[in-house]
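Asks: Sharing a structure, written as structure tokens. Questions coming.
Since every read-out is calculated from the coordinates, none of them should be taken as a lab result. Computed from a predicted model, the values in this text were never measured in an experiment. Every residue, glycine as well, gets a Cβ built from its backbone with ideal geometry; the counts of neighbours run over all protein chains shown.
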Amino acid sequence: MNDYKINISKIYYEKNALEFDLTKNIFDEYKNIEKIPIESHNNIEELRKSENKDFGKLKNILVLGTRKTFKYVENHKISDFLVPFTSSGCYAMCMYCYLVCNFNKCSYLRLFVNQKQILDKLVKHANNSLTEYTYEIGSNSDLLLENLISKNLYNNIEYFLQNTKHGKLTFPSKFKYIEPLKDISDKSRLLPRISLNPENIINKVEFRTSNLIDRLHAINSLYYFGYKPYILIAPVIITDNFEEDYNELFSTMHALLDKKLHDKITFEVIFMTYSYVHRKINEEAFPKAINLYSEKLMTSRGVGKYHYKMQVKDYGKNYIEHLIKVFFPKATIKYIV
Ligand code: SF4
């Protein structure tokens, strides 16, 4: 059931986006919303000049454009390549999200309507490869959330599966809207990964995402649909309640995840990185929210980038590994970074 409220305030669209059915469908769906033509989704001057305090308002904007860059980046975690896919940016507002890149430039959802062209590139890459690659299609957006607007996820995944002889797709999500994945024809070639954090962190940091219980039910449902259970603990955030919060998370996971999948889980664990840009936007856009930056726990890496100090992170890694071993002793840990 879709109970998610999306309040789009304005739609900016590239003129050539009007040639695509997806644009027409979205215009029909959002009939009464103001629509503003633009030259390029990459450079909308009035948005680029917005102040940090307007970050939350900018998140209600939808941009429709065509993707022109298709560069695949090699990756060596769960996938082999990060693939520029059907959207960039996101309607949700996680305070640490790396999509808060050049200040406000890519925070809002940019939906690319030339989806067949995007998919044809991917199909060609898979069919021209002797190796069976896994493609990460969700590194620039949350595809389950995007699908509430585009309603295209099922068709896009099926298009890839029907037109390729091999190759897998994967994407992470913080949402419970997994219904479009139920009837995917070959579930061995799709790896949906649900990302979890303690409820306390979700409430205070991951605004507009599904709550923990709903995400856990989504993991069970995906397993019943026929998918292998992949769980991201990400990003791990170290606060004064770190041990308590994450112990509570694992205890809830143990209680609510179907026992049949406990041994089959593959975990990925990623610790939070943060930046000066995040700090400035969060301070001004969410003045009452918790401060994710800690001088005591973090150190700089490159200009304006922060990560946990080595001894802090080592402690955190050991603690999360300990929790996995206690609650899910037979699960696989793919990596902890
Ligand atoms: S749901 Fe994912 S993509 Fe969206 S804001 Fe949160 S971390 Fe970023």
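Asks: About the Cα centre, and with charges only on the beta carbon of Lys, Arg (+1) and Asp, Glu (-1), how big is the dipole of the chain? Nearest 20 debye, please.
Replies: 480
Asks: Could you check which residue among VAL205, VAL312, VAL113 shows the biggest mean-square fluctuation in a GNM of the chain with a 10 Å Cα cutoff?
Replies: Highest fluctuation of the listed residues: VAL312.
Asks: Normalized C-alpha radius of gyration of the chain, against 2.2 N^0.38 Å?
Replies: That works out to 0.99 for the chain.
Asks: Only Cα pairs within less than 10 Å get springs; with that Gaussian network setup on the chain, which residue of LYS57, LYS305, LYS260 has the largest fluctuation?
Replies: Ranking LYS57, LYS305, LYS260 by mean-square fluctuation puts LYS260 first.
Asks: Then there's this: Below 16 Å, Cα to Cα, which lysines can LYS259 reach? Residues fewer than 8 away in the same chain don't count.
Replies: Reachable lysines: LYS228, LYS325, LYS330.
Asks: When DSSP beta bridges are limited to those with both residues in the chain, what percentage is antiparallel, rounded to the nearest 5?
Replies: Taking every DSSP beta bridge with both residues in the chain, the antiparallel ones total about 25 percent.
Asks: To the nearest Å, what is the center-to-center distance of segment 209-259 and segment 1-57, using C-alpha atoms only?
Replies: Each part's Cα centre sits 33 Å from the other's.
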